[in-house]
1. Residues in the range 95-114: is at least one touching a Ser or Thr at 6+ places or on another chain (Cβ under 9 Å), more than 21 Å from L29 (Cβ to Cβ) and touching a residue at least 60 places away in the same chain (Cβ under 8 Å)?
2. What number of residues in the range 109-134 are among the aromatic types (F, W, Y) and part of a helix (DSSP H, G or I)?
3. Among the numbered conditions (1) aliphatic (A, V, I, L, M); (2) over 19 Å from the mean Cα position of the chain (by Cα); (3) modelled with pLDDT of 80 or more, tell me where L39 comes up short.
4. Is at least one residue of the range 149-161 of a type in the set (S, T, Y), in a helix (DSSP H, G or I) and modelled with pLDDT of 85 or more?
5. Listed residues R57, R117, R121; which is in contact with a Phe, Trp or Tyr (Cβ under 6 Å, 6 or more places away or on another chain), within 28 Å of I7 (Cβ to Cβ) and modelled with pLDDT under 85?
6. Of the residues that sit in the range 121-136 and are under 25 Å from A11 (Cβ atoms) and in contact with a Pro (Cβ under 7 Å, 6 or more places away or on another chain), which one is most open to solvent (accessible area, probe 1.4 Å)?
7. Looking for something open to solvent by 40 Å² or more (accessible area, probe 1.4 Å), within 15 Å of V152 (Cβ to Cβ) and either among the aromatic types (F, W, Y) or at pLDDT below 90 (or both) - is there at least one such residue anywhere in the range 78-97?
8. Which condition number does Q118 fail, the rest of (1) open to solvent by 70 Å² or more (accessible area, probe 1.4 Å); (2) within 20 Å of W50 (Cα to Cα) being met?
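The values are calculated or read from the model by the stated rules, or taken from the named source; none is laboratory data. All values derive from a computational prediction rather than experimental measurement. Virtual Cβ from ideal backbone geometry, glycine too; neighbours counted across all protein chains shown. In case anyone asks, the SASA skips ligands and DNA or RNA and just uses the protein heavy atoms, side chains included. Shrake-Rupley method; radii C 1.70, N 1.55, O 1.52, S 1.80 Å.
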Amino acid sequence: MTQEQLIPLIAIAVVIPLVLLRNRRPRTLRIEYMWVAPLLVVAAIGFGIWGMTVSGRGHAPVEPLSLLILAVGLALGCAFGWQRGKMTTIYKEPDGTLKAQASPIGLVIIIAILIARQTLRPWLEAHAADWHVNPLAILEAFMLFAAGTVVVQRIEMWIRARNIRHGGADAHVETEA
(Lines give C-alpha, C1' and ligand atoms only; values in the text may rest on other atoms or scores of the structure.)
Protein backbone atom coordinates (compact mmCIF):
# COMPACT_ATOMS: atom_id res chain seq x y z
CA MET A 1 0.00 0.00 0.00
CA THR A 2 1.15 3.46 -0.79
CA GLN A 3 1.27 6.28 1.72
CA GLU A 4 -1.66 7.91 -0.10
CA GLN A 5 -3.79 4.83 0.65
CA LEU A 6 -2.49 4.24 4.16
CA ILE A 7 -3.09 7.69 5.68
CA PRO A 8 -6.92 7.62 5.28
CA LEU A 9 -7.02 4.09 6.72
CA ILE A 10 -5.01 5.20 9.77
CA ALA A 11 -7.30 8.20 10.20
CA ILE A 12 -10.35 5.92 10.09
CA ALA A 13 -8.74 3.60 12.67
CA VAL A 14 -8.20 6.56 15.02
CA VAL A 15 -11.69 8.02 14.54
CA ILE A 16 -13.65 4.74 14.96
CA PRO A 17 -13.13 4.37 18.73
CA LEU A 18 -13.85 8.05 19.30
CA VAL A 19 -17.15 7.92 17.41
CA LEU A 20 -18.18 4.66 19.06
CA LEU A 21 -17.50 6.13 22.51
CA ARG A 22 -19.43 9.27 21.62
CA ASN A 23 -22.45 7.24 20.44
CA ARG A 24 -22.70 5.14 23.62
CA ARG A 25 -25.13 7.56 25.23
CA PRO A 26 -28.15 9.31 23.75
CA ARG A 27 -27.58 12.87 22.63
CA THR A 28 -29.97 15.79 22.54
CA LEU A 29 -31.62 16.05 19.13
CA ARG A 30 -32.28 19.57 17.92
CA ILE A 31 -34.51 19.18 14.91
CA GLU A 32 -34.22 22.85 13.99
CA TYR A 33 -30.52 22.29 13.15
CA MET A 34 -30.80 18.93 11.40
CA TRP A 35 -30.38 20.57 7.99
CA VAL A 36 -26.83 21.75 8.75
CA ALA A 37 -24.98 18.41 8.42
CA PRO A 38 -26.62 17.45 5.08
CA LEU A 39 -25.86 20.92 3.71
CA LEU A 40 -22.19 20.67 4.71
CA VAL A 41 -21.86 17.12 3.39
CA VAL A 42 -23.53 17.92 0.07
CA ALA A 43 -21.35 21.02 -0.34
CA ALA A 44 -18.15 19.14 0.53
CA ILE A 45 -18.95 16.18 -1.71
CA GLY A 46 -20.10 18.50 -4.50
CA PHE A 47 -16.79 20.36 -4.34
CA GLY A 48 -14.94 17.03 -4.16
CA ILE A 49 -16.66 15.73 -7.27
CA TRP A 50 -16.12 19.01 -9.07
CA GLY A 51 -12.44 19.00 -8.05
CA MET A 52 -11.93 15.43 -9.24
CA THR A 53 -13.57 16.29 -12.56
CA VAL A 54 -11.47 19.39 -13.27
CA SER A 55 -8.19 18.11 -11.77
CA GLY A 56 -7.11 16.41 -14.95
CA ARG A 57 -7.52 12.87 -13.58
CA GLY A 58 -10.00 12.15 -16.34
CA HIS A 59 -13.01 13.59 -18.08
CA ALA A 60 -16.42 13.98 -16.47
CA PRO A 61 -18.43 10.74 -16.34
CA VAL A 62 -21.23 11.54 -18.79
CA GLU A 63 -21.44 8.27 -20.71
CA PRO A 64 -24.67 6.29 -20.12
CA LEU A 65 -22.90 3.52 -18.18
CA SER A 66 -21.10 6.05 -15.99
CA LEU A 67 -24.34 7.90 -15.29
CA LEU A 68 -25.94 4.59 -14.38
CA ILE A 69 -23.11 3.87 -11.93
CA LEU A 70 -23.58 7.32 -10.37
CA ALA A 71 -27.35 6.80 -10.11
CA VAL A 72 -26.89 3.37 -8.50
CA GLY A 73 -24.41 4.81 -5.99
CA LEU A 74 -26.83 7.60 -5.06
CA ALA A 75 -29.83 5.24 -4.87
CA LEU A 76 -27.98 2.76 -2.66
CA GLY A 77 -26.84 5.62 -0.43
CA CYS A 78 -30.41 6.89 -0.09
CA ALA A 79 -31.67 3.40 0.75
CA PHE A 80 -28.93 2.93 3.33
CA GLY A 81 -29.58 6.39 4.79
CA TRP A 82 -33.27 5.63 5.18
CA GLN A 83 -32.46 2.36 6.94
CA ARG A 84 -29.84 4.01 9.14
CA GLY A 85 -32.34 6.72 10.08
CA LYS A 86 -34.89 4.03 11.01
CA MET A 87 -32.28 2.28 13.18
CA THR A 88 -31.69 5.45 15.20
CA THR A 89 -33.53 5.43 18.52
CA ILE A 90 -35.44 8.69 19.09
CA TYR A 91 -37.48 9.41 22.20
CA LYS A 92 -38.91 12.30 24.19
CA GLU A 93 -37.71 13.04 27.71
CA PRO A 94 -40.25 14.04 30.37
CA ASP A 95 -39.02 17.65 30.10
CA GLY A 96 -39.84 17.64 26.36
CA THR A 97 -36.33 17.39 24.93
CA LEU A 98 -35.71 14.84 22.21
CA LYS A 99 -32.91 12.33 22.54
CA ALA A 100 -31.36 10.24 19.78
CA GLN A 101 -28.92 7.38 19.81
CA ALA A 102 -27.39 6.08 16.61
CA SER A 103 -27.09 2.37 16.01
CA PRO A 104 -23.49 1.11 15.95
CA ILE A 105 -24.36 -1.14 12.99
CA GLY A 106 -24.79 1.89 10.74
CA LEU A 107 -21.41 3.26 11.74
CA VAL A 108 -19.71 -0.08 11.11
CA ILE A 109 -21.21 -0.23 7.60
CA ILE A 110 -20.09 3.33 6.79
CA ILE A 111 -16.57 2.55 7.98
CA ALA A 112 -16.52 -0.63 5.89
CA ILE A 113 -17.54 1.40 2.83
CA LEU A 114 -14.80 3.98 3.47
CA ILE A 115 -12.20 1.25 3.85
CA ALA A 116 -13.47 -0.52 0.72
CA ARG A 117 -13.26 2.72 -1.24
CA GLN A 118 -9.66 3.31 -0.17
CA THR A 119 -8.46 -0.23 -0.70
CA LEU A 120 -10.31 -0.86 -3.98
CA ARG A 121 -9.46 2.51 -5.52
CA PRO A 122 -6.17 1.50 -7.25
CA TRP A 123 -7.66 -1.76 -8.54
CA LEU A 124 -10.84 -0.07 -9.80
CA GLU A 125 -8.86 2.65 -11.55
CA ALA A 126 -6.58 0.08 -13.19
CA HIS A 127 -9.41 -2.12 -14.44
CA ALA A 128 -12.02 0.51 -15.33
CA ALA A 129 -10.79 0.63 -18.92
CA ASP A 130 -11.34 -3.13 -19.25
CA TRP A 131 -14.98 -2.59 -18.28
CA HIS A 132 -15.27 0.52 -20.51
CA VAL A 133 -16.13 2.64 -17.46
CA ASN A 134 -14.78 6.04 -16.52
CA PRO A 135 -12.77 5.53 -13.28
CA LEU A 136 -14.13 8.82 -11.96
CA ALA A 137 -17.66 7.41 -12.12
CA ILE A 138 -16.73 4.67 -9.67
CA LEU A 139 -15.05 7.04 -7.23
CA GLU A 140 -17.85 9.59 -7.53
CA ALA A 141 -20.46 6.86 -6.96
CA PHE A 142 -18.88 6.22 -3.54
CA MET A 143 -19.12 9.94 -2.78
CA LEU A 144 -22.75 10.11 -3.92
CA PHE A 145 -23.45 7.07 -1.72
CA ALA A 146 -22.17 9.04 1.28
CA ALA A 147 -24.18 12.13 0.35
CA GLY A 148 -27.38 10.14 -0.13
CA THR A 149 -26.82 8.37 3.18
CA VAL A 150 -26.44 11.56 5.21
CA VAL A 151 -29.25 13.49 3.54
CA VAL A 152 -31.88 10.73 3.65
CA GLN A 153 -30.91 9.67 7.18
CA ARG A 154 -31.48 13.21 8.41
CA ILE A 155 -34.77 13.50 6.53
CA GLU A 156 -36.01 10.22 8.07
CA MET A 157 -34.89 11.30 11.54
CA TRP A 158 -36.44 14.75 11.12
CA ILE A 159 -39.82 13.28 10.13
CA ARG A 160 -39.82 10.89 13.09
CA ALA A 161 -38.57 13.53 15.55
CA ARG A 162 -41.22 16.02 14.41
CA ASN A 163 -43.95 13.39 14.89
CA ILE A 164 -42.64 12.51 18.34
CA ARG A 165 -42.31 16.16 19.37
CA HIS A 166 -45.87 16.98 18.33
CA GLY A 167 -47.37 13.82 19.84
CA GLY A 168 -48.06 12.03 16.56
CA ALA A 169 -48.51 8.31 16.04
CA ASP A 170 -44.84 7.60 16.83
CA ALA A 171 -44.75 9.63 20.04
CA HIS A 172 -44.89 6.66 22.37
CA VAL A 173 -42.75 4.28 20.31
CA GLU A 174 -39.01 3.88 20.64
CA THR A 175 -37.41 2.49 17.51
CA GLU A 176 -34.58 0.04 18.11
CA ALA A 177 -32.22 -1.64 15.68
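1. no
2. Qualifying residue count, the range 109-134: 1.
3. Status for L39: all satisfied but (2).
4. Scanning the range 149-161 turns up at least one residue that is of a type in the set (S, T, Y), in a helix (DSSP H, G or I) and modelled with pLDDT of 85 or more.
5. R117
6. Only one residue fits best here, namely E125.
7. Yes: the range 78-97 contains one or more residues that are open to solvent by 40 Å² or more (accessible area, probe 1.4 Å), within 15 Å of V152 (Cβ to Cβ) and either among the aromatic types (F, W, Y) or at pLDDT below 90 (or both).
8. (1)
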